[in-house]
Amino acid sequence: MTIAENQPAAGAPLIELTGLNVVLPTGERSEVEAVKSVDLVVHDGERVGLVGESGSGKSVTGRSIAGLLPTSPRVRVSGSIRIRGQEMVGAPARTWDDVRRKTVGMIFQDPLTFLNPTMRVGRQVAESIPDRRPVRSGAGGDRTARDRAVFRFLRQAGLPDAEQVAASFPHELSGGMRQRVLIAIAIAKEPSLVLADEPTTALDATVQQHVLRTLDETVTELGTSLMLISHDLAVVAGMTDRVYVMYAGRIVEEGPTARVLAEPRHEYTQALLRSVRSLTDRDTDLYSIPLALRQRFAEEPTHVA
Amino acid sequence: MKARLIHYGRLLLSSLILFIAVITVLFFLLELAPGDPIQTLVGDVPLSEAFRAQITAAYGLDKPVWERYVLYLGNVFTGNLGFSFGTNNEPVLDLILSRAGNTLALAVPAFLISTIGGIILGSIAARTRRRWLDGGISGGAVALFSVPNFWFGMLLIMVFSIWLGWFPTQGKSPYGQPGIGLEYLVLPVITMATSELAYKTRIMRSSMIESLGQDFVDTARSKGLSSSHVLWRHALPNALLPMVTVSGYSLGYILAGSVLVERVFGWPGMGLLFIDAINRQNNMVILGVVIVLTVVIILVNILTDVVYGLVDPRLRAQFSPQRTLPPEGRQDRQSDEVAA
Amino acid sequence: MTQQETHMVPPPETGPTANAVTEAANRPGLAGAAGTTAPPDGAGTPPPAQPDTPAGAAGRRRPPGTERSPWRVFLRKPSTMVFLPLLGLFVLIAALGPLLVGDPSATGNAELLAPSAAHPLGTDHLGRDYLARVVNGGQISLLVGFTVAVLCMTIGLVVGGLAGYHGGWMDTLMVKLAEFFQVLPGIVLALVAAALLGANVFIIVAILSITMWPAVARIVRAEAMRISQLGYVESARAAGFRSGRIIWSDVLPNALPPVLVATSMTVGRAILIESGLAYLGIGDPSHPSWGALLNSAQAYMRDGWWLAVAPGLCIFLVVLAVNMLGDALNDAYNPTVGRVK
Ligand SMILES: Nc1ncnc2c1ncn2[C@@H]1O[C@H](COP(=O)(O)OP(=O)(O)OP(=O)(O)O)[C@@H](O)[C@H]1O
Ligand SMILES: [Mg+2]
């Protein structure tokens with residue numbers, strides 16, 4: 001590739017995956033192709049959903065955008081990941097650090113395990129604020145300005161008692177509060193893209209709604225793009241404009257969210273919707289996708305409708 | 001706060017019970033020992049009538065078992081560990097305390113070296129991408145862990161003292177001089193430190209690997225923090241928690257190991273006192289050393305518990321009543337369901 | 001005592017790998033973490049939208065059945081291939097060697113002869129053939145090591161199984177007992193007992209077993225606690241099976257790999273402690289073990305280095321072998337590469 005190709009280009013989409021393949025080791029000799037020739041685009045200000053059942057490769061796709069795949073040398077990534085036109089496959093660690101520092105903020109699934117149990121929440125948020133990062137125990141950096149910023153982001157993430165929360169350890173907070181802390185961490189860098197990987201799966205239904213609303217509001221306020229990964233079609237339906245449907249490592253369907261949910265074109269999406277409805281509607285029999293169909297889907301090459 | 005007091009109260013109580021249990025076991029071992037009880041108590045040496053009377057009085061040997069047991073307990077708790085049979089029938093406690101400094105001179109440096117070294121080596125082994133480095137450190141740790149400690153000391157003497165002549169072979173200072181010579185200290189401290197170092201390196205390695213594999217490390221990485229910042233500020237503090245407990249135990253093991261190391265290097269500490277007492281069947285000294293050792297170990301255990309409670313914020317809060325979440329364990333993710 | 005339970009790790013005597021195993025036992029199963037646990041055959045009706053059948057997983061993954069069995073993984077490991085034969089060799093020498101090497105207490109050779117063709121390990125300060133002494137000494141060391149390990153395993157299985165399975169006072173009692181032996185390092189207790197009761201092999205074996213069983217018991221207890229909460233044990237219990245039978249047929253097979261690991265570590269620790277005791281002069285003087293040989297070698301480090309080298313090297317190699325085998329077994333049953341980070 002030429003140098004010109006590698007420069008951030010004006011007008012390039014925020015995120016552009018082309019023919020992305022990710023192979024992960026699963027045992028001493030076995031490996032899994034978690035992501036197979038995936039094409040995916042996120043434009044500035046856009047809200048994109050990524051749905052699919054467990055193990056379909058959503059998280060791996062999301063993590064490759066944030067450069068957070070396992071660091072083992074046996075992990076193989078091929079194809080192209082462009083962030084604002086800059087090629088990131090094979091990019092040095094510093095370039096990735098830069099992207100994570102400024103461009104992509106990631107929110108993870110499990111609020112219990114994704115916060116450091118031995119560090120106060122305020123500091124965990126502060127670490128995410130670029131250039132106001134705590135410089136060696138107090139010295140340097142404007143302490144109060146940083147603290148104020150921390151409080152601001154915590155409030156923005158829906159934690160009005162920001163001062164108190166900042167002084168707490170994660171275990172002192174409820175699950176919903178912790179998830180909001182994760183949101184605060186992700187937005188504290190004022191990123192171009194908020195990448196939320198099942199941000200509410202671990203929460204109970206009512207808390208889920210609140211947290212989603214907060215996420216919705218903050219993303220709107222900051223004007224950032226959102227990529228929402230979920231296996232929950234209802235969540236994606238309410239929050240995104242466009243959706244990708246993933247199955248067995250491939251994108252099987254893509255389109256405006258409303259259209260995909262109303263008239264799915266790919267057989268898998270149809271089956272997925274059917275199995276979801278069978279769970280929620282009382283008068284439908286339980287439906288799970290038959291094995292034969294699954295096998296066929298898994299073998300089929302990608303064709304984006 | 002109240003809950004914490006209750007916790008420490010319980011800890012003290014169970015420590016006390018443990019201590020009494022140890023003394024009880026020792027007492028009945030003495031009872032079980034064959035032969036004349038007084039002879040057993042002082043060992044295989046001729047006795048003066050005066051001394052015999054003194055012991056009979058001190059331990060109430062003419063009284064029934066349970067009365068003697070209570071008497072013995074009382075003696076121990078008042079610091080009366082009996083008298084050493086010797087030229088001047090020194091009180092056992094004085095004898096032990098006069099040797100304790102020499103043992104600590106070995107044990108404390110060995111403890112510090114093994115703890116700090118274990119943390120550093122274990123972290124390096126856990127983090128490195130270089131297989132040979134990890135393999136070297138881990139393999140070395142298993143090897144050192146498998147070496148009989150006293151034999152390792154003998155090898156050190158043969159190589160560094162006899163062959164190379166760098167260090168003296170025996171003792172703590174040149175003959176007749178008081179104090180401790182630095183060159184006398186080197187080999188015994190190394191010997192004492194090695195197996196603990198090996199053990200702590202292994203613990204630290206697995207604890208660091210575990211810590212680096214935790215989810216919050218991903219969050220730290222997602223902030224764009226440098227990998228060294230992630231390692232030292234995020235992974236290390238969490239990886240150190242198990243080391244607190246391990247270090248607490250290790251002091252007891254280092255002190256117990258001093259029996260062997262002091263014998264190898266002829267180091268006049270508590271360990272050598274213990275061995276001499278065993279060889280001369282000076283039983284009151286034997287029991288005295290064990291009791292002192294038990295007290296030290298129990299105190300260190302309490303200290304470990306306190307330190308751990310201070311270091312781990314989860315435990316710090318575990319005592320506050322409003323706490324609801326379990327300290328460990330994940331919530332059920334239910335992530336295998338396609339829809340909620 | 002919840003706090004103690006959460007952060008107490010076994011003391012060094014249990015060995016690091018045993019510790020790793022206990023940790024591993026607390027972690028969620030590897031298969032579960034990967035989200036591929038198939039419902040056991042005939043275990044009720046499968047859940048409705050069980051999405052992750054093997055075919056649904058992304059890409060080609062080896063189905064669970066085709067992974068090599070842990071036992072075979074263990075046997076194929078390079079360290080197993082080195083240390084299993086080595087350990088076998090030592091056992092063989094200990095068993096048959098004494099018949100081949102002649103009388104270990106026969107004097108008459110020159111004193112302190114360096115190793116030579118006639119005396120491969122030289123002679124000691126009384127002119128006795130050192131090879132004969134070392135070979136005979138191994139018998140004691142290995143015998144003590146393996147006997148203690150077998151006794152610890154037996155006690156650990158029974159006590160740990162009952163405590164974990166029944167809980168209640170049995171459990172409390174076991175935990176308290178284990179704590180007691182955790183306080184006093186085994187070597188100290190062994191020294192006292194040997195000094196007061198006499199220093200024969202039986203007493204040493206008994207004392208070591210009494211002090212070292214908690215390592216195994218702890219593992220069995222954890223496994224028994226886990227198993228006793230699983231559904232199928234409930235049903236076995238409902239069907240009227242006795243607890244002993246359930247422990248035997250359900251707890252044991254699951255606990256066996258970590259128990260074997262802990263046991264192999266126990267062999268190593270027991271040999272080390274026995275050698276330490278013998279080095280301090282506690283032991284049967286008419287059958288000197290490796291440690292006792294080192295005791296007499298101490299005085300001849302300057303003029304007879306081989307006297308100190310050979311027995312120590314033997315102890316080291318045997319202990320290294322059992323520890324390495326324990327590690328390899330542990331690795332085989334708890335592969336760390338399952339899910340890389
Ligand atoms: N760290 C890893 N090491 C090895 N395999 C992995 C790893 N992470 C994911 N995989 C595998 O990659 C595939 C895709 O996993 P991924 O986590 O992306 O699924 P997902 O769509 O996010 O599912 P879920 O809804 O359960 O989060 C799965 O087969 C999974 O087992
Ligand atoms: Mg996922």
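The values are calculated or read from the model by the stated rules, or taken from the named source; none is laboratory data. Worth saying up front: this structure is predicted, and the values here are computed from it rather than measured. Cβ sites come from the backbone with ideal geometry, for glycine too, and all protein chains shown count toward neighbours.
Check the range A:58-70 and report whether any residue there is assigned to a strand (DSSP E or B), over 13 Å from A:I15 (Cα atoms) and more than 8 Å from chain B (Cβ to nearest Cβ). The answer is no, given that none of the residues of the range A:58-70 is assigned to a strand (DSSP E or B), over 13 Å from A:I15 (Cα atoms) and more than 8 Å from chain B (Cβ to nearest Cβ). For first residues located in the range A:59-73 and on the phi < 0 side of the Ramachandran plot, partners that are among the small types (G, A, S) and within 12 Å of ligand 2 (Cβ to nearest atom) and lie 6+ apart or on another chain with Cβ distances below 6 Å form the pairs A:V60/A:A34. Evaluated against (1) within 25 Å of B:L236 (Cα to Cα); (2) without any contact (Cβ under 8 Å) to a residue 60 or more places away in the chain; (3) not basic (K, R), A:G105 falls short on exactly one condition, (2).
Out of curiosity, is B:F145 under 30 Å from B:M284 (Cβ atoms) and aromatic (F, W, Y)? So B:F145 does not fit the description; no.
Scanning the range A:45-68 for residues that are more than 8 Å from ligand 1 (Cβ to nearest atom) and either β-branched (V, I, T) or closer than 29 Å to B:R130 by Cβ (or both) yields a total of 7. For B:V142, the criteria (1) among the β-branched types (V, I, T); (2) touching a helix residue (DSSP H, G or I) at 6+ places or on another chain (Cβ under 8 Å); (3) without any contact (Cβ under 8 Å) to a residue 60 or more places away in the chain hold in every case but one, which is (3).
The residue that is nearest to ligand 1 (Cβ to nearest atom), counting only those in the range A:24-44 that are over 15 Å from A:D197 (Cβ atoms) and away from chain C (no Cβ under 12 Å), is A:D39.
Screening A:L261 with (1) at pLDDT below 85; (2) touching an Asp or Glu at 6+ places or on another chain (Cβ under 6 Å) gives one miss only, at (2). Is it fair to say C:Y300 is surrounded by fewer than 24 Cβ atoms within 10 Å (Cβ to Cβ), more than 7 Å from chain B (Cβ to nearest Cβ), touching a residue at least 12 places away in the same chain (Cβ under 8 Å) and in contact with a Pro (Cβ under 9 Å, 6 or more places away or on another chain)? Criteria not met by C:Y300. Regarding the range A:83-96, can at least one residue be identified that is facing chain B (nearest Cβ under 8 Å), over 18 Å from the mean Cα position of the chain (by Cα), without any contact (Cβ under 8 Å) to a residue 60 or more places away in the chain and assigned to a helix (DSSP H, G or I)? Looking for residues that are facing chain B (nearest Cβ under 8 Å), over 18 Å from the mean Cα position of the chain (by Cα), without any contact (Cβ under 8 Å) to a residue 60 or more places away in the chain and assigned to a helix (DSSP H, G or I), one finds at least one in the range A:83-96, hence yes.
Of the set (1) among the hydroxyl-bearing types (S, T, Y); (2) touching a residue at least 60 places away in the same chain (Cβ under 8 Å); (3) within 16 Å of ligand 2 (Cβ to nearest atom), all apply to A:T18 but (3). Here are some residues: A:V211, A:V236. Which one is more than 14 Å from chain C (Cβ to nearest Cβ), within 16 Å of ligand 2 (Cβ to nearest atom), among the β-branched types (V, I, T) and not in a strand (DSSP E or B)? Only one candidate qualifies: A:V236.
Just one of the listed residues (A:S64, A:S54, A:S30, A:S72) is modelled with pLDDT of 85 or more and of a type in the set (S, T, Y), and it is A:S64. Identification of helices (runs of 4 or more DSSP H) wholly contained in the range B:61-157 with 1 or more residues that are more than 14 Å from chain C (Cβ to nearest Cβ) yields B:65-77, B:92-127, B:131-146.
If you check A:V219, A:V236, A:V207 for being in contact (Cβ under 8 Å) with a residue 40 or more places away in the chain, more than 13 Å from ligand 1 (Cβ to nearest atom) and closer than 25 Å to B:D218 by Cα, only one passes: A:V219.
The residues of the range B:27-60 that are assigned to a loop (DSSP other than H, G, I, E, B) and modelled with pLDDT of 75 or more amount to a single one, B:S48. Might you let me know whether the range B:205-213 holds any residue that is more than 14 Å from chain A (Cβ to nearest Cβ) and among the β-branched types (V, I, T)? Within the range B:205-213, none of the residues are more than 14 Å from chain A (Cβ to nearest Cβ) and among the β-branched types (V, I, T).
Scanning the range A:214-233 for residues that are part of a helix (DSSP H, G or I) and of a type outside the set (A, V, I, L, M, F, W, C) returns A:T214, A:D216, A:E217, A:T218, A:T220, A:E221. Taking the range B:257-277 as the range and being without any contact (Cβ under 8 Å) to a residue 40 or more places away in the chain and either in contact with a Gly (Cβ under 7 Å, 6 or more places away or on another chain) or surrounded by fewer than 23 Cβ atoms within 10 Å (Cβ to Cβ) (or both) as the test, the residues that pass are B:V259, B:I275, B:D276.
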